[in-house]
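Participant: Pasting a structure below so you can have a look.
The values are calculated or read from the model by the stated rules, or taken from the named source; none is laboratory data. All figures in this text were calculated on a predicted structure; none of them were measured in a lab. Note: ideal-geometry Cβ built from the backbone for every residue, glycine included; neighbour counts use all protein chains shown. With ligands, DNA and RNA removed, areas are computed over all heavy atoms of the protein, side chains included. Shrake-Rupley method; radii C 1.70, N 1.55, O 1.52, S 1.80 Å.
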Amino acid sequence: MAASISKTCIFNFSFRRAFLRSLRLRSCYHFSTSVCVASNSKDLLLQLGKRGIVKGAFPEESAYDQLPILLQSAPQTVYCGFDPTSDSLHVGNLLPLIALLHFQRAGHNVIALIGGATAQIGDPSGKTKEREALAQDTISTNVTGLRDSLQRVFTNHNLYYSSGQKLGTINVLNNLSWYKQRNVVEFVSTVGRHFRMGTMLSRHSVQSRLKSPEGMSLTEFSYQMFQSYDFYYLNQHYDCRIQLGGTDQLGNLMSGHDLIHK
């Protein structure tokens, strides 16, 4: 079977508790009929909607038409980021985990990305003031605790809820692994030149902070560039085409999609 989907399509799914996914597609996909994908991939998005997890889609007319075809044709890779602001999971991580587990049950491969590097910057999305800077030792401790928590959830899910069905793979990664060897001048020179100030300034997360009494620091402003590069890196090295995140991160996810296309 062969399927052709235009690479100009961008899909964003918003989930309750501000959940969103972004999808980057290449110009054409050729899928073998021997590829095995769980039958519930067909109704995955519908199931998430009925459970009150999916909030919306952008653009709706394409996302609900072309994405199900992609999900049924071959196992896809989907990721969601987790900020190591504490040494364990918290209630705000519940819906991201539920969504990832549903994708895994449908036969798709899942990446839980811990922001060991980006935690040093701090995500300004949904915040009225700048996050307090975390010491490197604290971040390292939080990363270890968060990784253990995530792996425990995924292990228990595979052990007790798989019902004998073949599940997609699980990867728990730390984005520090691809930033620790990068030189800041080289990174800004090669990656930063693909971002336009007008677009970055127009993002809702930036606008809301610029209008606040405290404003926004350059450190926070650069966060969307790093989250975009995470998506780009995972796309290039893990063939990841689906990203989950909060609707307050919509601008960051769209920037990642744009970077991949450049």
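Participant: Under the definition of Cα pairs under 8 Å and six or more residues apart, what whole-number percent is the relative contact order of the stretch 124-262?
Facilitator: Rounded, it is 31 percent for the stretch 124-262.
Participant: Further question on the same structure: What number comes out for the charge environment of T138, summing +1 per Lys or Arg and -1 per Asp or Glu over other residues with Cβ under 14 Å away?
Facilitator: Local charge sum for T138: -3.
Participant: Still on this structure, I have one more. Compute the signed sum of charges (Lys and Arg +1, Asp and Glu -1) over the other residues within less than 14 Å, Cβ to Cβ, of P213.
Facilitator: Spelling it out: positives minus negatives among the neighbours equals +2.
Participant: Also, quick follow-up: Report the extension gain between H204 and D43 in nm, rounded to one decimal, defined as 0.36 nm multiplied by the number of residues separating them, less their alpha carbon distance.
Facilitator: So the chain would gain 54.8 nm between H204 and D43.
Participant: Students often check this: by mean Cβ neighbours within 10 Å, which of 253-260, 157-164, 197-204, 120-127 ranks highest, and how do the rest follow?
Facilitator: 253-260, 120-127, 197-204, 157-164
Participant: Ordering H237, H108, H194 by how much accessible area each has at a 1.4 Å probe, largest first, what is the list?
Facilitator: Output order, biggest surface exposure first: H237, H194, H108.
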